[in-house]
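For reference, the structure is listed below as C-alpha cells.
The values are calculated or read from the model by the stated rules, or taken from the named source; none is laboratory data. Since this is a predicted model, take the numbers as computed values, not measurements. A quick note on method: Cβ atoms are made from the backbone with ideal geometry, for glycine too, and the neighbour counts reach across all protein chains shown.
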Amino acid sequence: MTMASWVQALLAWYQQHRRTFPWREERPDPYAVWVAEIMLQQTRTETVRPYFERWMTRFPSIASVAQADPQEVLALWEGLGYYRRALLLWEAARQVMERFGGHLPQDPQELESLPGIGPYTARAIASIAYGKDVAVVDGNVKRILARLFAIEAPIDRPSGERQIWTLAQEHLPAGQAATYNQALMDLGATICLPRRPRCEECPLRPWCQAYLSGNPTQWPRRTPKKKIPHYTVVAGVVRRGPKVLLAQRPKGGLLGGLWEFPGGKVEPGESLEAALERELWEELAIRVKAGAVLGTFRHAYSHFRITLHALCAQLLEGEPYPREGQKVAWVPLEDLETYPMGKVDRLIAQRIRRESRLCAESR
C-alpha cells in the first residue's frame, strides 16, 4: 500500500521534532517501555520523568520488581497517583517471571493477559519495543485523527473509537509502527493541542478537514460530560503520646494499600465532629471525641472531588482494630515518611511532623 501523503509529512516532521525521553532509545528496552507506558496513563510526561528514573534505579529489571515488597513499590510510586497501577505492575512482573521466564512477551494478546495491561498499552509495547505493525490509539491520536478526517461520531463512544482505530491501523506504514505511533503522540502533545491547536506549525495542515473548516476545535466530538460529584470528608489525627494512628486502605479500592488518617464521608446534615466520631466507631471500633480542625484540603480524583477536613481526635474508649480487614498501626511521627500515602494524607503527615504538638492532648 502506498504511504499516504499526510503520513509521509508526519514522519518527516517527527525526524526533526521528536521529543527525547529516558525510555526512548534506538533499541528500546521492553521493560522500560512497559514501565513508562503504565506511568504515563492519565499522567503528564513532565511529571513521569523523575518517577521513571527513580523507579529504574531501584528496580532495574522485571525480576527486581517481582521480588519487591508491595509497600516499597507503593512508596516509590507515591505522588504519581492512580496507585492501583503500581500494584498491578508488581503483580504483572510476578506473572512475567512465572509464566514467561522473565521475558516480557511480544504478542499483544499475551501482553493483555497480564494485570494492568489493556489494548492500548499492549500495542504500545508491541510496536515501540518489538516493532510489531500494530497501531496505538491514545487521547492524542484520537484528537488528531478526529480532526484530520472530521469524524462526526463522538470519540468517547464505541462507534467513534472504532473509526479511529480503523484509520490508525489502515494508515500505519509497514515496518515503521514505532515511529508512526510515537510521531502521532508527539504531534498531539505539542502541536494538535486540545484547546489551542498550533495549526500554523502543523505538518498535517494541508490535509486536515477540521483546519479547512475554519474551526478546528469543534473536533473531536464528545458526549456531554456528567457533573462531577463532590464529597465532604473527615479524617482524624488520633495521638497516643509520640505516635499517631494510621489505617491501611483495602487493597482493591481507591488508593488501595496506602495508609491514611482514618475517617470517611460526612452524611447530609451531619457535623464534622459527629461524622468523625461515627466513622471511627464504624471502621475501627473506637470511641473518640473530635476536636479542633487542623486543616482543610481539596483534591480532585478522576470521577469525583473531595473537601477533606482533618480534625484532632481524642481516644476515649477501645483499641483500634479494622472491621473491614485492613491494617492499623500506631506510628511514631519520625516514621511517617516510611508509610506510603496519598497526596492529602501526606500533607497532613508533613504538618504534624513540623508541628509535633498538634493534637498532642489526645491519649
| query | Which one of the conditions (1) farther than 25 Å from His230 by Cβ; (2) without any contact (Cβ under 8 Å) to a residue 40 or more places away in the chain; (3) surrounded by 13 or more Cβ atoms within 10 Å (Cβ to Cβ) does Glu334 fail to meet, given that it meets all the rest? | reply | (3)
| Applying the selection to the stretch 36-57, what residues are surrounded by 14 or more Cβ atoms within 10 Å (Cβ to Cβ) and either at positive phi or touching a helix residue (DSSP H, G or I) at 6+ places or on another chain (Cβ under 8 Å) (or both)? | Ala36, Glu37, Ile38, Met39, Leu40, Gln41, Thr45, Val48, Tyr51, Phe52, Trp55, Met56
| message | Go through (1) under 24 Å from Gln106 (Cα atoms); (2) without any contact (Cβ under 8 Å) to a residue 60 or more places away in the chain; (3) not in a helix (DSSP H, G or I) for Pro28 and report which single condition fails. | response | (2)
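Residues Leu212, Leu193, Leu184, Leu172: which one is under 24 Å from the mean Cα position of the chain (by Cα) and without any contact (Cβ under 8 Å) to a residue 40 or more places away in the chain? Talk me through it step by step, then tell me what you get.
Values: Leu212 fails: under 24 Å from the mean Cα position of the chain (by Cα); Leu184 fails: without any contact (Cβ under 8 Å) to a residue 40 or more places away in the chain; Leu172 fails: under 24 Å from the mean Cα position of the chain (by Cα).
So the residue among Leu212, Leu193, Leu184, Leu172 that is under 24 Å from the mean Cα position of the chain (by Cα) and without any contact (Cβ under 8 Å) to a residue 40 or more places away in the chain is Leu193.
Take the residues of the stretch 140-169 that are among the β-branched types (Val, Ile, Thr) and more than 26 Å from the chain's Cα centre (by Cα): which is nearest to Leu212 (Cα to Cα)? Break it down stepwise before answering.
Applying the first criterion (among the β-branched types (Val, Ile, Thr)) to the stretch 140-169 yields 141, 144, 151, 155, 164, 166.
From what is left, the residues that are more than 26 Å from the chain's Cα centre (by Cα) are 151, 166.
Numbers: Ile151: 14, Thr166: 23 Å.
Among residues in the stretch 140-169 that are among the β-branched types (Val, Ile, Thr) and more than 26 Å from the chain's Cα centre (by Cα), the one nearest to Leu212 (Cα to Cα) is Ile151.
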| task | Residues that are of a type outside the set (Phe, Trp, Tyr) and in contact with a helix residue (DSSP H, G or I) (Cβ under 7 Å, 6 or more places away or on another chain): find the strands (runs of 3 or more DSSP E) completely inside the stretch 284-363 holding 2 or more of those. | result | 287-300, 305-317
| Among the residues of the stretch 32-46, is any among the polar types (S, T, N, Q), closer than 24 Å to Pro173 by Cβ and assigned to a loop (DSSP other than H, G, I, E, B)? | no
| Is there a residue in the stretch 102-115 that is within 19 Å of Thr179 (Cα to Cα) and surrounded by fewer than 17 Cβ atoms within 10 Å (Cβ to Cβ)? | yes
| query | Got a sec? Which of Glu98, Glu78 is crowded, with 16+ Cβ neighbours inside 10 Å, charged (D, E, K, R) and either modelled with pLDDT of 95 or more or in contact with a Lys or Arg (Cβ under 8 Å, 6 or more places away or on another chain) (or both)? | reply | Glu78
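Condition test on Val7, is it modelled with pLDDT of 95 or more, of a type in the set (A, V, I, L, M), in a helix (DSSP H, G or I) and closer than 29 Å to Cys199 by Cβ?
Details: modelled with pLDDT of 95 or more: yes; of a type in the set (A, V, I, L, M): yes; in a helix (DSSP H, G or I): yes; closer than 29 Å to Cys199 by Cβ: yes.
Judged against the criteria, Val7 is a match.
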| query | If you take just the strands (runs of 3 or more DSSP E) that sit entirely in the stretch 225-273, which of them hold at least 3 residues that are of a type outside the set (S, T, N, Q) and farther than 23 Å from Ser302 by Cα? | reply | 230-240, 243-248
| From the list Val65, Val73, which one is in contact with a helix residue (DSSP H, G or I) (Cβ under 6 Å, 6 or more places away or on another chain), crowded, with 18+ Cβ neighbours inside 10 Å and closer than 20 Å to Ala129 by Cα? | Val65
| query | Going through the stretch 199-209 one residue at a time, which ones are without any contact (Cβ under 8 Å) to a residue 60 or more places away in the chain and closer than 16 Å to Arg18 by Cα? | reply | Glu201, Cys202
| said: Cβ-Cβ under 9 Å, sequence separation 6+ or interchain: first residue in the stretch 315-329 and closer than 21 Å to Lys289 by Cβ, partner among the hydroxyl-bearing types (Ser, Thr, Tyr). Which pairs? | reply: Leu315/Ser362; Val328/Tyr321
| query | Restricting the stretch 215-229 to residues that are surrounded by 12 or more Cβ atoms within 10 Å (Cβ to Cβ) and in contact (Cβ under 8 Å) with a residue 40 or more places away in the chain, which is nearest to Ala12 (Cα to Cα)? | reply | Pro216
